[in-house]
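Read the structure below first, then the notes.
The values are calculated or read from the model by the stated rules, or taken from the named source; none is laboratory data. Just so you know, these numbers come straight off a predicted model, no measurement behind them. In this analysis, Cβ positions are derived from the backbone assuming ideal geometry, glycine residues included, and neighbour counts consider all displayed protein chains. Side chains included, ligands, DNA and RNA excluded: accessible areas come from the protein's heavy atoms. Shrake-Rupley method; radii C 1.70, N 1.55, O 1.52, S 1.80 Å.
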Amino acid sequence: MDYDDRTALIVVDVQNDFADPEGALYVNGGEQVVEVVNREVDRAVSAGALVVYTQDWHNEVTPHFAEHGGTWPVHGVQGTWGAALHPDLKVQGHSVHKGMGEDDGYSGFSEHNLANGVIDQTPLETMLRERAIDKVVVAGLATDYCVRATALDAAARGFKVTVLRDAIRGVNLEPEDDALALRAMEEAGITAR
Ligand code: VGL
Ligand code: ZN
């Protein structure tokens, strides 16, 4: 990937709950992305690109969790081991917390409050605009949820988006979900490489 000072590498949710085999919502092969992402972080930083991280940062009670009507086991709870970034991940930039409150969304850009229908923006787009970013590179977990939603949202906001195949893994509740996610991203004009 070519990085420059108008490019941002967005590292999505490389957190213990997704990337550690002991994590609450372990994504198969999740730990394997760490090394690949770290190489990208080095490349990005040497080229003067921005590196931004996202973290699932849920309340203990949220409509995102199965026990409160959602889909998922309890994961990414604010301040817990599971919500921390993987210890081997190179951290060379700020982290955007998402999925707080009554949210059941996946994008790093916005939060959808199911209780009142309000969609709030996270700080992510402002962080990119302040640096006049026009290109974003997306890596991390999981291909079929937060990577997909974040990449599609970036494209919808006018950024030129590339997703790194080697640096993502899917949850695959259904076996083809990661392939379908890649297809949806490509159909939205996102480059997968
Ligand atoms: C994610 C499921 C639930 C993700 C987050 O990071 O892709 N997936 N919460
Ligand atoms: Zn979540």
Practice prompt. Kindly indicate whether any position in the range 98-110 is over 18 Å from residue 13 (Cβ atoms) and within 15 Å of ligand 2 (Cβ to nearest atom).
Written response: yes
Worksheet item: Can you find a residue in the range 100-112 that is exposed (fewer than 14 other Cβ atoms within 10 Å of the Cβ) and either in contact with a Phe, Trp or Tyr (Cβ under 7 Å, 6 or more places away or on another chain) or not in a strand (DSSP E or B) (or both)?
Response: no
Response to the item:
Residue hits (the range 120-159; part of a strand (DSSP E or B) and either under 13 Å from the mean Cα position of the chain (by Cα) or surrounded by 16 or more Cβ atoms within 10 Å (Cβ to Cβ) (or both)) are 135, 136, 137, 138, 139, 140, 141
Worksheet item: Among 70, 23, 82, which is the only one that is at pLDDT below 95 and within 13 Å of ligand 2 (Cβ to nearest atom)?
Response: 70
Worksheet entry | When residues of the range 160-183 are limited to those that are part of a loop (DSSP other than H, G, I, E, B) and farther than 15 Å from residue 25 by Cβ, the one least open to solvent (accessible area, probe 1.4 Å) | 175
Item to complete: Within the range 72-79, identify whether any single residue is open to solvent by 60 Å² or more (accessible area, probe 1.4 Å) and either aromatic (Phe, Trp, Tyr) or within 13 Å of the chain's Cα centre (by Cα) (or both), and answer yes or no.
Response: no
Worksheet entry | Output for the range 29-62, where each listed residue is touching a strand residue (DSSP E or B) at 6+ places or on another chain (Cβ under 8 Å), assigned to a loop (DSSP other than H, G, I, E, B) and in contact (Cβ under 8 Å) with a residue 24 or more places away in the chain | 29, 30, 47, 49, 57, 59, 62
Worksheet item: Which of the residues spanning the range 26-65 are within 16 Å of ligand 2 (Cβ to nearest atom) and touching a Gly at 6+ places or on another chain (Cβ under 9 Å)?
Response: 27, 30, 53, 54, 55, 56, 57, 58, 59, 62, 63, 64
Worksheet item: Taking the range 1-28 as the search range and keeping residues that are assigned to a loop (DSSP other than H, G, I, E, B) and hydroxyl-bearing (Ser, Thr, Tyr), which one is least open to solvent (accessible area, probe 1.4 Å)?
Response: 3
Worksheet item: Applying the selection to the range 30-62, what residues are within 14 Å of ligand 1 (Cβ to nearest atom) and open to solvent by 30 Å² or more (accessible area, probe 1.4 Å)?
Response: 57, 59
